[in-house]
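The values are calculated or read from the model by the stated rules, or taken from the named source; none is laboratory data. As the structure is a computational prediction, the values presented were derived from the model and not from experiment. Note that each Cβ is placed from the backbone with ideal geometry, even for glycine, and that neighbours are counted across all protein chains shown. Just the protein is used for accessible areas: all its heavy atoms, side chains included, with ligands, DNA and RNA removed. Shrake-Rupley method; radii C 1.70, N 1.55, O 1.52, S 1.80 Å.
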Amino acid sequence: MPRDDLFDLAVNRAYRYLDRTGQPARNAQAVHRALEIWYLKTRFAYRIPLDAVIAALLSRPDEGRRWRGGESGGWLADPGTPPN
């Protein structure tokens with residue numbers, strides 16, 4: 001899997017994990033604590049820096065978006081989400 005795709009996967013899965021556990025992505029320390037165990041149990045741990053994943057999560061503008069484009073990417077409209 002290309003590195004950009006792996007980064008996108010890590011960010012989007014981390015967001016879903018936070019969402020399922022009810023953890024808001026508001027500050028880096030809280031998100032780091034919430035994701036530590038998840039991160040260590042994934043296959044991303046040695047390839048994708050957790051701080052980069054957290055930075056992406058903290059920049060999420062609203063629902064209905066997915067991260068695309070690797071570390072230099074951004075939040076784009078999720079094609080599976082109906083417009084508001």
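Some points to look at:
- Averaging the sequence gap over all C-alpha pairs within less than 8 Å and six or more residues apart, then dividing by the number of residues, gives the chain a relative contact order of 36 percent.
- When the GluC sites (Glu not before Pro) in region 1-78 are filtered for DSSP coil states and for at most 15 other beta-carbon atoms within 10 Å of their beta-carbon, the remaining sites are Glu63.
- Here the gap between Asn27 and Asp62, fully extended at 0.36 nm per residue and compared with their Cα-Cα distance, gives a gain of 11.0 nm.
- The chain: trypsin sites (Lys or Arg not before Pro) falling in loop per DSSP and having at most 14 other Cβ within 10 Å: Arg26, Arg43, Arg47
- Solvent-accessible area, 1.4 Å probe, carbon plus sulfur percent, for the chain: 50
- At most 16 other Cβ within 10 Å, DSSP loop - chymotrypsin sites (Phe, Trp or Tyr not before Pro), the chain: Tyr46
- Using the Cβ-Cβ distance between Arg47 and Arg20 with R0 set to 30 Å, the FRET efficiency from 1/(1 + (r/R0)^6) comes to roughly 0.85.
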